[in-house]
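The values are calculated or read from the model by the stated rules, or taken from the named source; none is laboratory data. Everything quoted here is computed from the prediction, not taken from an experiment. For the accessible areas, the whole protein counts, side chains as well, though only heavy atoms, and no ligand, DNA or RNA atoms are used. Shrake-Rupley method; radii C 1.70, N 1.55, O 1.52, S 1.80 Å.
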Amino acid sequence: MTLPGSTGVVKNHEQQIQGLHQDLQRNTIDVDTFRRKSMQLAQRIEDPVNTLAPADKQRLLKELNANLASPSGSGSVASQGAGLNRKIGDFYASTNPQDVGMRKAIFSDKLQDKNSMISMLETQLPFGVAGQLNQPAGNWNTGTFQALFTAAWLEHPTEKGSYMVDLSSLSSSQRNEVKQAAADNLKKRKSSHLSGAGLSASKNFEVLKGYKELLVQVETNQGKPYLFLKAEGATTGIKGFIPHARGYISKVRTGEGLVSSSELRKLAQNEPGMIEPRAAENYSKAYGSVLKNLGLKGNRVSTQEMAKALFETTGHQPMGRVDAAAFVQQASNKELGQALNAYADAATQGKGTVLAGNGAKITDAMIGDLRQVAQSLIADGASQYPRIHREIVTTPQQLDASLILFKSNA
């Protein structure tokens, strides 16, 4: 059935989808712009006030979803290994016996098929992500926070990841409602992340097998408010104390915690474009050494602060700019990432640039970690915000658009 006036609307949306893909192929827009405009288009297609027939809406969303995952050279969304990747939706819907077996090993028994996942999300987030974040504290429960984590994970799947949902779009009073909802529904726990004001949403947390804890923190970083979400392999209660302690010791010694799901790690290693192995705000060991040698302390040193100190200490001129501080202050995250890659190239050719006055040299491991940080910055595109390390930063609107696309292939 075609609704009155819908033909022109469908054609217009088709042209917009094709135009975005062509712009990305021609490099007239970057991945960040492509991703943002695609999400905005998805929301317009889904908007109930338009005249689209359900079948047309479903087809357009599938086309947009495929567009987001289609290759277009080095700048393709798929090559970034980041959010809105169609592959996780296809993997979840696949009937291939190998995929079915992997899903059984990775996801909760309650979430083995895509319809079950969608049902859980719609039950816990009936107003969507942005709508839920604007609800009063009384309209929240532990499952709400778990569903928010799940939405963030589906947008950017990781084996080990920290998710920071930007709450800047909320009023000050509404951010207090979110904070109150967390205090009312979650238990206090110690945390080695950011402010350390941890809360546990572990009660009936069944999303990814092997992950028994959901760490929640309402944070402010460099003046911006965030909801911090991170799945962990063990709780901090009596039963989880020993395994949690083992994971913490491993992180201190190696910069990485223990493996919580061997099957999820295997999938991340085999398909890093679908599951990113590690994307967290806590420093890797080599990156921590870079900060230490630069005289930077604390667990919230921004990549901008690190880059300024790195360029000034080593004498490297980012993008040919003599004033490193001015460059860092003005650069977008993408430009900063490109400058860090250029530094890594120069340091590699120089076989160990002196990193600090004590004669410490930058090692291959440090270069590798700097390149990973650079990759995250480049994926941020033209935005400009104080990234801590490799955490996943997203917005309520991005998560809603991502869920629309995830559902479109159901």
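Please give every one of the lysines within straight-line cross-link reach of Lys57, meaning a C-alpha to C-alpha distance under 25 Å, and leave out same-chain neighbours fewer than 8 residues apart.
Partners found: Lys11, Lys37, Lys87, Lys114, Lys407.
Using a Cα-Cα cut-off of under 18 Å, which lysines could be cross-linked to Lys297, ignoring same-chain neighbours fewer than 8 residues away?
Lys251, Lys285, Lys308
Per the Kirkwood definition applied to all pairs of different Cα atoms, how many angstroms is the hydrodynamic radius of the range 187-238?
Evaluated over the range 187-238, this radius sits at 11.5 Å.
Considering only protein heavy atoms and a probe of 1.4 Å, how much of the accessible area of the range 269-387 is carbon and sulfur, as a whole percent?
Using a 1.4 Å probe with all protein chains present, the range 269-387 comes out at 49 percent carbon and sulfur.
For the range 10-21, take each phi angle, set θ = phi - 60°, evaluate the Karplus expression 6.51 cos²θ - 1.76 cosθ + 1.60, and give the result in whole Hz per residue in order, putting x for glycine and proline.
So the Karplus estimates, Gly and Pro as x, are 4, 4, 4, 5, 4, 5, 5, 4, 5, x, 4, 5 Hz.
Collect residues whose amide H, placed 1.01 Å from N in the peptide plane, falls under 5 Å from the amide H of Glu276; neighbours closer than 5 in sequence don't count.
Thr158, Glu159
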